[in-house]
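Values in this text are rule-based calculations from the coordinates and carry no lab data. Please read these numbers as outputs of a predicted model, since none were measured by experiment. Because the Cβ atoms are built from the backbone with ideal geometry, glycine has one as well, and the counts that use them run over all protein chains shown.
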Amino acid sequence: MKILKVLENTELVVVDLEVNLGKEKRSALTLCVKYNNDYYPLNTAHDGRPILMNKENIIKNLD
């Protein structure tokens, strides 16, 4: 394993993330990376497993 590049303009942030689970809404503190004003959650909302930082998981805004 080797590091290919270190990303600039990134922050680790903790957000209070709300998700819909069926008819129910739940929220939990979630560790995210803020990169270019997009938020990438670093674990799944359903079971807490780590996930890759990819564009499919971007949260555009937190409102």
Show me 28-41, 2-15 ranked by packing, highest mean number of other Cβ atoms within 10 Å first.
-> 28-41, 2-15
Report the calculated FRET efficiency for residue 59 and residue 5 (r = Cβ-Cβ distance, R0 = 25 Å), to the nearest 0.05.
-> 0.65
